[in-house]
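Enquirer: Have a look at this one before I ask anything.
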Amino acid sequence: MRRGTNRKKQKSQAAVKNLPCRKNDRAVVKIEDIGSGGEGIGFLKISEQRQDIQALDTASTDAIDATGSTGAGTGHGEKKPGSKGFAIFVKDAVPGDTIEVTVTKVTSRYAYGHLDRILEPSPFRVEPRCPIAKTCGGCQIQALDYQRQLAFKQKKVRENLIRIGGFAPEIINAVMHPIVGMDEPWHYRNKEQVPVQEGKYGPVTGFYASHSHTVIPMTDCCIGSPKNKQILETVLSWMQAHDVPAYDEETGKGLIRHILIRDGIYSGQVMVCVIANDYLLPFEKELVEALRGLEGVSSIILNTNTERTNVITGRALRTLWGADDIVDTLHIHEVTQSLGSAELTAEDLTAGHSTAKGLSARDPLAGDAYNTEFKRTKESVTFGISPLSFYQVNPRQTEKLYSLALNCAGLTGNETVWDLYCGVGTISLFMARHAKQVYGVEIIPEAIENARQNASRNGIENAAFYVGKAEQVLPDYVENLKAQGKDPQIDVICVDPPRKGCDDVCIQTMLEISPKRIVYVSCDPATLARDLKKLAEGGYRLDYVQPVDQFAHTVHVETCCSLHRTNA
């Protein structure tokens with residue numbers, strides 16, 4: 001046992017000797033790409049015999065071909081045949097920067113470095129609008145020009161589909177559309193969960209520093225609602241005036257843990273939810289009086305979480321003043337997509353005709369290759385939003401994302417649609433007025449209750465919702481209809497899973513049900529690529545890929561895809 005350990009140690013030491021750097025070495029690096037966590041990627045020179053890294057004046061400028069992987073630890077910097085560089089990841093660096101770095105960590109495949117000095121700034125570098133952008137862990141790429149952010153996300157989706165999904169580049173080029181960016185990439189979030197801690201001079205609100213639970217004081221987030229600043233300052237003033245202590249994660253003592261704010265972008269209604277380590281608040285009346293007069297505030301709620309946990313909310317809710325929830329509206333948009341004089345219809349997108357009008361492979365990052373236009377219709381869906389319900393944080397982009405999903409479904413009014421991972425019924429209700437019948441499935445009972453309430457709120461009677469796992473509910477539905485001698489017609493299945501993607505059993509269930517079309521809405525390109533590969537191997541053809549930027553200045557991206565059964 002000891003001999004084997006020694007051999008491994010000797011092998012590891014030998015490998016380290018051949019690496020181009022060691023911890024605390026310094027180097028000059030040209031940043032060429034972005035990692036999945038927003039870090040800049042540069043390359044260190046690899047030589048046959050290890051050279052003193054401090055003698056390096058420049059580094060390889062070869063572009064990495066793995067941007068958008070699920071993380072640095074999965075092979076971002078792995079040396080590949082023909083590669084001339086050893087990848088180094090540097091926080092706060094952007095493509096085009098020439099920087100001086102200190103190596104902080106070295107593995108056998110890549111290194112991490114600290115940005116000491118920018119020698120030559122990138123032409124794509126911009127001054128972050130937020131004063132705490134570097135220390136806060138929220139906006140990883142705010143120093144990058146917004147158009148370059150969009151190009152990064154487009155590339156991230158594309159390369160995951162090729163590298164993880166196994167799709168040929170020419171196929172992805174033919175079906176992938178340029179990312180839908182934001183008209184205004186600031187103050188777009190309708191939800192903010194702000195931690196509270198004791199600061200040097202009293203309680204503070206803000207955001208956690210990257211990779212820590214230390215709060216960086218801030219009341220005015222550049223991507224949050226402008227209304228939040230006054231709300232947070234009002235709560236802090238109440239805490240200071242009445243000596244109400246902030247919660248201490250280390251001791252489990254103290255009272256105020258987080259402030260959750262939800263803003264109805266269209267309704268103007270605002271919910272303030274105080275998350276506390278008790279079921280009662282001291283000077284509760286004074287807090288309500290201070291908050292109820294603020295712009296839009298229509299609901300003030302106490303959420304109790306007494307657990308020693310990183311989970312933000314607890315289960316207990318008590319309305320201190322106003323309504324139990326707020327409402328907001330999502331508008332359905334007419335989607336038109338064209339390339340030059342060739343216009344794509346919904347039938348093109350769902351019948352696999354993405355190249356039928358000469359729409360051949362093109363530069364996947366040429367942002368104006370396709371024109372995607374959204375025109376708001378008079379049709380809309382209103383949703384109730386409680387403190388614990390899931391609701392997309394960027395309503396203006398969500399309208400576009402779900403309108404794309406509706407477009408991909410190609411509904412004529414005669415179809416039966418199943419919406420798996422339906423949440424509070426957002427996509428289900430977007431599709432209901434265009435389909436014969438819609439069924440939603442969700443494992444969380446409270447979400448299904450919200451979905452049913454939302455259907456009733458909008459007068460939609462052809463949507464039914466079930467609590468359970470899709471892989472159980474869907475087969476039972478099919479078998480019950482067969483037992484009654486009826487045709488279990490399922491034309492479209494739509495999935496909008498969490499970041500981990502679809503469960504394997506759910507994928508298999510979809511393949512067994514074999515709907516004509518599958519619409520996949522994803523918040524993670526890596527798991528999307530993995531799942532699309534399984535569906536393609538199961539007899540489906542990928543027709544359409546449309547990234548949507550829901551989260552400006554972060555590395556996250558949503559994607560809407562459609563597939564059709566090849567023998568349909």
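No lab work stands behind these numbers, since they all come straight from the coordinates. Small disclaimer: the values here were computed from a predicted structure and weren't measured. Glycine also receives a Cβ, built like all others from the backbone with ideal geometry; neighbour counts cover every protein chain displayed.
Enquirer: Let me test this: with uniform point scatterers at the alpha carbons of region 455-527, what is the Debye-based log₁₀ I(q)/I(0) at q = 0.24, 0.26 1/Å?
Expert: -1.24, -1.31
Enquirer: Stretched out fully, how many nm does the piece from Glu198 to Asp324 gain, at 0.36 nm a residue minus the Cα gap?
Expert: Length gained between Glu198 and Asp324: 42.4 nm.
Enquirer: Taking R0 as 45 Å, what FRET efficiency do you get between Tyr208 and Gln508 from their Cβ-Cβ distance, rounded to the nearest 0.05?
Expert: FRET efficiency, Tyr208 to Gln508: 0.70.
Enquirer: Calculate the spin-label point distance for Leu119 paired with Arg499, positioning each point 7 Å from the Cα along the beta-carbon direction, and give it in nanometres.
Expert: 3.5 nm
Enquirer: Here's another thing I want to ask about it. Once phi is turned into ³J(HN,Hα) by the Karplus curve 6.51 cos²θ - 1.76 cosθ + 1.60 with θ = phi - 60°, what whole-Hz value does each residue of region 179-187 show in order, with x for glycine and proline?
Expert: Ordered by residue, 3J(HN,Hα) equals 4, 8, x, 8, 5, 9, x, 10, 6 Hz.
Enquirer: Still on this structure, I have one more. Label region 381-530 by shape, choosing from rounded, prolate and oblate, from the square roots a ≥ b ≥ c of the eigenvalues of the Cα gyration tensor; if a/c is under 1.5 it is rounded, and otherwise prolate applies when a/b is larger than b/c, oblate when it is not.
Expert: The shape class here is rounded.
Enquirer: Also, quick follow-up: Sort 528-534, 224-230 by packing, meaning the average of other beta carbons within 10 Å per residue, with the highest value first.
Expert: Top of the packing list down: 528-534, 224-230.
Enquirer: Taking every pair of alpha-carbon atoms in region 512-568, give the share separated by more than 16 Å as a whole percent. Could you put the intermediate results ahead of the total?
Expert: Numbers: 687 of 1596 pairs.
When every Cα pair of region 512-568 is considered, 43 percent fall beyond 16 Å.
Enquirer: How large is ³J(HN,Hα), in whole Hz, for each residue of region 103-115 in order, when computed from phi with the Karplus curve 6.51 cos²θ - 1.76 cosθ + 1.60 and θ = phi - 60°, using x for Gly and Pro?
Expert: Each residue of region 103-115 in turn: 5, 9, 7, 10, 10, 6, 10, 6, 9, 10, x, 9, 6 Hz.
Enquirer: Report ³J(HN,Hα) in whole Hz for each residue of region 373-378, in order, from the Karplus equation J = 6.51 cos²θ - 1.76 cosθ + 1.60 where θ = phi - 60°; Gly and Pro get x.
Expert: 10, 10, 10, 5, 9, 7
Enquirer: Using the structure shown, select from Lys191/Lys516; Lys200/Lys285; Lys227/Lys378; Lys30/Lys191; Lys45/Lys156 the pairs with a Cα to Cα distance greater than 31 angstrom.
Expert: Flagged as over cut-off: Lys191/Lys516; Lys30/Lys191.
Enquirer: Specify the inter-centroid distance of region 147-177 and region 268-336, based on alpha-carbon positions, in whole Å.
Expert: When both Cα centres are located, 40 Å separates them.
Enquirer: Quick one: if the Förster radius is 30 Å, what FRET efficiency do Arg541 and Lys469 give, using the C-beta to C-beta distance and rounding to 0.05?
Expert: It comes out at approximately 0.65.
Enquirer: Oh, and also: Between rounded, prolate and oblate, where does region 178-270 land on the alpha carbon gyration tensor, with a ≥ b ≥ c its root eigenvalues, rounded for a/c under 1.5, else prolate if a/b exceeds b/c?
Expert: Here region 178-270 falls in the prolate category.
Enquirer: Rounded, prolate or oblate: which one fits region 374-441, using the alpha carbon gyration tensor with axes a ≥ b ≥ c (rounded when a/c is under 1.5, else prolate when a/b beats b/c, else oblate)?
Expert: Details: a/c = 1.99, a/b = 1.24, b/c = 1.60.
Note, shape of region 374-441 comes out oblate.
Enquirer: Please go through the residue pairs Lys436/Lys469; Lys155/Lys436; Lys91/Lys153 and name each one whose alpha carbons sit more than 26 Å apart in this structure. Mind dumping the intermediate values first?
Expert: Working: Lys436/Lys469 23 Å; Lys155/Lys436 37 Å; Lys91/Lys153 18 Å.
Beyond 26 Å between Cα atoms: Lys155/Lys436.
Enquirer: How long are the semi-axes of the equivalent ellipsoid of region 137-228, taking √(5λ) for every eigenvalue λ of the Cα gyration tensor, in whole Å from largest down?
Expert: After scaling each eigenvalue by five and taking roots: 37, 16, 10 Å.
Enquirer: For a protection proxy built on the mean count of beta-carbon atoms within 10 angstrom, sort 545-558, 464-477 highest first, please.
Expert: Final packing ranking: 545-558, 464-477.
Enquirer: Please give, to one decimal in nm, the separation of the simple spin-label points placed at Ser237 and Lys285, each 7 Å out from Cα toward the Cβ.
Expert: 2.0 nm
Enquirer: Also, I was wondering about something else. How far is the Cα center of region 531-560 from the Cα center of region 401-458, in Å?
Expert: 19 Å
Enquirer: Among 424-437, 289-302, what's the highest-first ranking by average C-beta atoms within 10 angstrom per residue?
Expert: Working: 424-437: 22.9, 289-302: 17.4.
The most tightly packed comes first, giving 424-437, 289-302.
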